[in-house]
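Below is one structure; the comments refer to it alone.
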Amino acid sequence: MDFHSILQYILFVAVVTVLVKPLGGYMEKVFSRQATVLDRLCVPIERLIYRVTAIDSNVEMTSTQYAVCFVLFSLAGTLLLYAILRLQGFLPWFFPKYLTTPLSPDLALNTAISFSTTTTWQAYGGENTMSYFSQMVGLCAQNFLAGAAGLAIGIAFIRGFARQLSKTLGNFWVDTTRALLWILLPGALVGAVLLVWQGVPMNFHHYAVATTLEGSKEVIPQGPVAALEFIKNLGTNGGGFFNVNGSHPYENPTPLANFMEMLAIVLLPAALTNTFGRMIRQPRQGWLLYSLMVVLFAIGLISVHLFEQHGKPTSR
């Protein structure tokens, strides 16, 4: 293993470790409904959501009620996304000249289920299958909503350890709303702006057609890539704007962009260990969990590195 690889790996783990405690403490405050720096902006929006949806934020749920709400929320998201995908030809930003792969019923259903469950497995090429409307209003929105619901389930799981004598786990709608307003939206907004700074496209223009030196025509896809790119990583969703995902230079144009995107993937899972320790009032347990994660990560990282760097391509 060369020196530069070791330096990159150590730097990455060090940055994550430094951010675990402040982010973990922030999430503990968010879900415990303590004061945070974003309250002045988020609390009025939160209250408006509860007023419009007739949600009583003071009512807590049993494990069964919490699970039922999660399933119904995921089902509604799946059906809405399926409808958007099936009707994308009648919705804005649909370019039939370039979107040549039809969204068949089975492909649309597969994609809808995949994104609403944060599985986000892709069986399509985004640049020749999905319109900008489908990418943003459909897939990107589900990355936020499904990610927030998954984070809420994680917090409910932690409360199960912290409240051994209680029958309630909190309120699913409150936890999901707070995960969305206080964590995913601000994190994705900052991350997307940083990606735009690094050269990731963020527009709603038509595809560009360039003429090569040989005189042939080449179609260059573009679109609101940055908005989808960061939340897919932050919410651990996957499912890129382009067919080759993070291998595409528009999704991952520079080493710094690559570092930020990798950081976004691990930040919330890593910080949740600290949130766990704080919520059960045993911080050492959180650091123990994080240490185990680092050990497993290091084992996997070293193994993959050795296999990739010592490959022997066969030749005929």
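The values are calculated or read from the model by the stated rules, or taken from the named source; none is laboratory data. Just so it is clear, the model here is predicted, and its values are computed rather than measured. Note that we place each Cβ from the backbone using ideal geometry, even for glycine, and neighbour counts take in every protein chain shown. Surface areas here come from the heavy atoms of the whole protein model, side chains and all, with no ligands, DNA or RNA. Shrake-Rupley method; radii C 1.70, N 1.55, O 1.52, S 1.80 Å.
Considering only the stretch 300-309, I want to know if a residue exists there that is assigned to a loop (DSSP other than H, G, I, E, B), over 20 Å from Ala152 (Cα atoms), among the β-branched types (Val, Ile, Thr) and modelled with pLDDT of 85 or more.
Our first condition is that a residue be assigned to a loop (DSSP other than H, G, I, E, B); within the stretch 300-309, this holds for none.
Scanning the stretch 300-309 turns up no residue that is assigned to a loop (DSSP other than H, G, I, E, B), over 20 Å from Ala152 (Cα atoms), among the β-branched types (Val, Ile, Thr) and modelled with pLDDT of 85 or more.
What do you reckon, is Pro253 over 26 Å from Ile183 (Cα atoms), within 22 Å of the chain's Cα centre (by Cα) and not β-branched (Val, Ile, Thr)? Don't jump to the end; show me each part of the working.
Values: over 26 Å from Ile183 (Cα atoms): no; within 22 Å of the chain's Cα centre (by Cα): yes; not β-branched (Val, Ile, Thr): yes.
Here the answer is no, as Pro253 does not meet what is asked.
Which pairs do you get when a residue that is over 13 Å from Thr120 (Cβ atoms) and of a type in the set (Phe, Trp, Tyr), found in the stretch 222-239, comes within reach of a residue that is in a helix (DSSP H, G or I) and modelled with pLDDT of 90 or more, reach meaning Cβ atoms under 7 angstrom, with the pair 6+ apart or on two chains?
Sorted first by the residue in the stretch 222-239, then by its partner, the pairs are Phe230/Ala188; Phe230/Gly191; Phe230/Ala192; Phe230/Leu195; Phe230/Ala264.
Look at the stretch 245-284 and say how many of its residues are outside any helix (DSSP H, G or I), touching a helix residue (DSSP H, G or I) at 6+ places or on another chain (Cβ under 7 Å) and not aromatic (Phe, Trp, Tyr). Show your work before the answer.
First, the residues of the stretch 245-284 that are outside any helix (DSSP H, G or I): 248-254, 280-282.
From what is left, the residues that are touching a helix residue (DSSP H, G or I) at 6+ places or on another chain (Cβ under 7 Å) are 250-252, 280.
From the residues that got through so far, the ones that are not aromatic (Phe, Trp, Tyr) too are 251-252, 280.
Number satisfying all stated conditions: 3.
Name the single residue, out of those in the stretch 249-259 being out of contact with any Gly (no Cβ under 7 Å at 6 or more places or on another chain) and not small (Gly, Ala, Ser), that is surrounded by the most Cβ atoms within 10 Å (Cβ to Cβ).
First pass over the stretch 249-259, keeping only residues out of contact with any Gly (no Cβ under 7 Å at 6 or more places or on another chain): 249-250, 255-259.
Narrowing further to those that are not small (Gly, Ala, Ser): 249-250, 255-256, 258-259.
Working: Pro249: 12, Tyr250: 19, Pro255: 10, Leu256: 12, Asn258: 14, Phe259: 14.
So the residue we want is Tyr250.
Looking only at residues in the stretch 274-302 that are at negative phi and basic (Lys, Arg), which one is most open to solvent (accessible area, probe 1.4 Å)?
Keep residues of the stretch 274-302 that are at negative phi, which gives 274-280, 282-302.
Then keep just the ones that are basic (Lys, Arg); that gives 278, 284.
Working: Arg278: 78, Arg284: 208 Å².
Result: Arg284.
Which residue pairs have Cβ atoms closer than 7 Å, lie 6 or more positions apart in sequence or on different chains, and pair a first residue in the stretch 84-107 that is over 13 Å from Gly138 (Cα atoms) with a second residue that is open to solvent by 100 Å² or more (accessible area, probe 1.4 Å) and part of a loop (DSSP other than H, G, I, E, B)?
Taking only residues 6 or more apart or on different chains, the pairs are Phe95/His206.
Specify which of the listed residues (Ile183, Ile155) is under 23 Å from Val68 (Cβ atoms) and in contact (Cβ under 8 Å) with a residue 60 or more places away in the chain.
Values: Ile183 fails: under 23 Å from Val68 (Cβ atoms).
Being under 23 Å from Val68 (Cβ atoms) and in contact (Cβ under 8 Å) with a residue 60 or more places away in the chain holds for just one of Ile183, Ile155, which is Ile155.
For the list (1) at pLDDT below 90; (2) surrounded by 18 or more Cβ atoms within 10 Å (Cβ to Cβ), I need the number of the one condition that Gly125 fails.
Result: Gly125 passes all but (2).
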